[in-house]
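Participant: Quick one: structure below, then a few questions.
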Amino acid sequence: MTSSPMVGGIVWFGILAAAMGSLLGLAVWAFGGGALLMVGGRYIVKSPKATYWRSVAVAVLAALASGIILALASALSFRLLGPLGFVGVLAGAVAGLLVTWLIIMAMFAVSFGKAILAWLPTLALAVVALPVIGFLAALLVPALQQAQELTNRTVCMSNLRSINSAIILYKAENWPADLQTLPAAYVGSPKLFVCPCVRGDRRPVGRTYDYFYFPPKSDAAPRTIIACDFGGNHRDGSRNVLRAAGSVHRMSAGEFQAALADPANAAFAAALSQAEAEDTAAPPGRRR
């Protein structure tokens, strides 16, 4: 089972909508914020360099720098901190504000304190714009992550197909005893055994293969599962599986458990359960 084209369409629509909204927001901030910056720089700080177009340039640079900092802070904080990710977002907003003041300081040739004073007229606009920027970041980052996850799942399925090809090249009368048995000439690259969906913080220490393989009997039914992702490879709990017939399928967690209940997969299910239990129980550095 593969991802519906509708899902990909929704993802790309979300990315396009967020990009268009970001461009519109940048234009409003550039011309509106530029005018307010000119007012602050010319009449409050009295900087001779606070011209309108210089102020527009300051607004554009500040918006781009702040947006990049906020997007990176959002992505990293929610990945590393989970439910506490808002702390990183707030830190990113503060960092973006500091960068804005530094840009004003450099472009208007004033002190840091006067840069803050020059920014004061834009405070009302910032109060309105920051929630909008936060909303766009919240929309864009998950959409990009989902698109990347879909790409990684496709690569993961391709890895299993390539593993099957290596098994076919190797196999004469018997299945290979394990994945290490496959000659390098058949495998092509060690990256074949690495699932791109697995992040470093989700891979057990010492594990070099992200796929579990169990050799079936010589008369195994075509539906018999012979390889699959280790649990936790994919964020949504799904797994890609390789059957004895050579086909690769993506299964949800429920579908995978139902497949394991098939008598044809009893030996595979028992071996997988033991392997994953050992992964969980082994101390750091001892896991496969």
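Throughout, read-outs are computed from the coordinates displayed, never taken from laboratory work. Bear in mind that the values here come from a model prediction, so they are computed numbers and not experimental data. Positions of Cβ are backbone-derived with ideal geometry, glycine not excepted, and every protein chain shown enters the neighbour counts.
Participant: Quote the FRET efficiency, to the nearest 0.05, computed for TYR209 versus TYR52 with a Förster distance R0 of 41 Å and r equal to the Cβ-Cβ distance.
Facilitator: Efficiency computed from Cβ-Cβ geometry: 0.10.
Participant: In whole Hz, what ³J(HN,Hα) sequence does region 266-278 give by Karplus (6.51, -1.76, 1.60; θ = phi - 60°), x for Gly and Pro?
Facilitator: Coupling constants for region 266-278: 4, 5, 5, 4, 5, 5, 5, 4, 5, 5, 6, 5, 5 Hz.
Participant: Additional query: Let me understand region 171-281 better: what is its radius of gyration from the alpha carbons, and its Dmax, in angstrom?
Facilitator: For region 171-281, the Cα-based Rg and Dmax read 13.8, 40 Å.
Participant: How would ILE168, ILE68 line up from fewest to most surrounding beta-carbon atoms within 10 angstrom?
Facilitator: Going from sparsest to densest Cβ surroundings: ILE168, ILE68.
Participant: Residues in region 47-61 near a label at VAL28, defined as backbone nitrogen under 20 Å from the 7 Å Cα→Cβ point?
Facilitator: Inside the label zone: 56-61.
Participant: Also, I was wondering about something else. Can you list the HN-Hα couplings for region 235-248, worked out from phi with the Karplus curve (6.51, -1.76, 1.60; θ = phi - 60°), rounded to whole Hz and with x for Gly and Pro?
Facilitator: Whole-Hz 3J(HN,Hα) from phi for region 235-248: 4, 8, x, 6, 9, 8, 10, 10, 9, 4, 6, x, 8, 10.
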